[in-house]
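A short write-up of the structure that comes next.
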Amino acid sequence: MSLSVTIVTPHRKVVHKLSVDELIMPSEAGEVTILPGHTPFLTALGVGVIRTLSQDERIHFLVSYGFAEVRDDQVLILGEDIEPASQIDLERAQKAKAEVEEKILNKVLGEIEYANYLKRLQAEQKRIEVAKQSIGPSSKKKK
């Protein structure tokens with residue numbers, strides 16, 4: 001028995017019906033592990049790494065906010081921004097974070113603008129962490 005995982009953003013389908021044995025995702029309340037037979041579940045996602053495991057393969061994705069629904073061994077993840085961890089470039093991520101920080105200099109932000117700034121900064125910081133960890137899409141499980 002396995003889970004069928006579909007991951008999409010407003011701009012593209014990241015994966016469609018990926019068969020996995022286990023899924024770990026960053027809900028806003030903390031990490032959640034989903035196994036086959038999981039009770040129906042709906043959650044908001046924060047910034048973090050979605051980890052899928054199937055036999056000897058692990059695939060990781062960086063997610064920046066969204067929602068996930070689990071029903072009948074099917075998981076649908078809708079994210080604002082989701083990318084395979086293997087495609088994250090450390091240098092590009094560091095430049096993006098610097099650009100976000102630079103935009104805030106010498107500006108007075110309202111409450112909503114500040115919340116959006118913090119959200120973007122958190123996503124860029126997580127992108128750098130993931131790039132530094134060099135998580136590959138098909139790294140083998142350690143036995």
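Structural remarks
- Residue count for the stretch 3-34, restricted to those that are loosely packed, with under 15 Cβ neighbours inside 10 Å and outside any strand (DSSP E or B): 6
- Test set (1) over 30 Å from SER4 (Cβ atoms); (2) at pLDDT 80 or above; (3) within 17 Å of the chain's Cα centre (by Cα) - LYS132 fails condition number: (2)
- Checked against the criterion of being basic (Lys, Arg), outside any strand (DSSP E or B), within 18 Å of the chain's Cα centre (by Cα) and not assigned by TED's automatic domain parsing to the domain that holds PRO10, the candidates LYS103, LYS119, LYS107, LYS95 yield just one match: LYS119.
- Any hit, the stretch 61-83, residues being assigned by TED's automatic domain parsing to the domain that holds VAL15, crowded, with 16+ Cβ neighbours inside 10 Å and either of a type in the set (Ser, Thr, Tyr) or part of a helix (DSSP H, G or I) (or both): yes
- Of all residues in the stretch 46-93, those satisfying the criterion of being free of Cβ contacts under 8 Å to residues at least 60 places away in the same chain and either touching a Ser or Thr at 6+ places or on another chain (Cβ under 6 Å) or among the small types (Gly, Ala, Ser) (or both) are GLY46, SER54, GLY66, ALA68, ALA85, SER86, ALA93.
- Taken as a whole, the structure places ALA85 among residues that are aliphatic (A, V, I, L, M) and touching a strand residue (DSSP E or B) at 6+ places or on another chain (Cβ under 9 Å).
- Pairing residues of the stretch 100-128 that are under 24 Å from ALA85 (Cβ atoms) with residues that are among the basic types (Lys, Arg), at Cβ distances under 8 Å and at least 6 apart in sequence or on separate chains, gives VAL100/ARG120; LEU121/LYS97; GLU124/LYS97; GLN125/LYS97; ARG127/LYS97; ILE128/LYS97.
The values are calculated or read from the model by the stated rules, or taken from the named source; none is laboratory data. What you see is a predicted model; the values in this text were computed from it and never measured. Quick reminder, even Gly has a Cβ in these numbers, built from the backbone with ideal geometry, and neighbours come from all protein chains shown.
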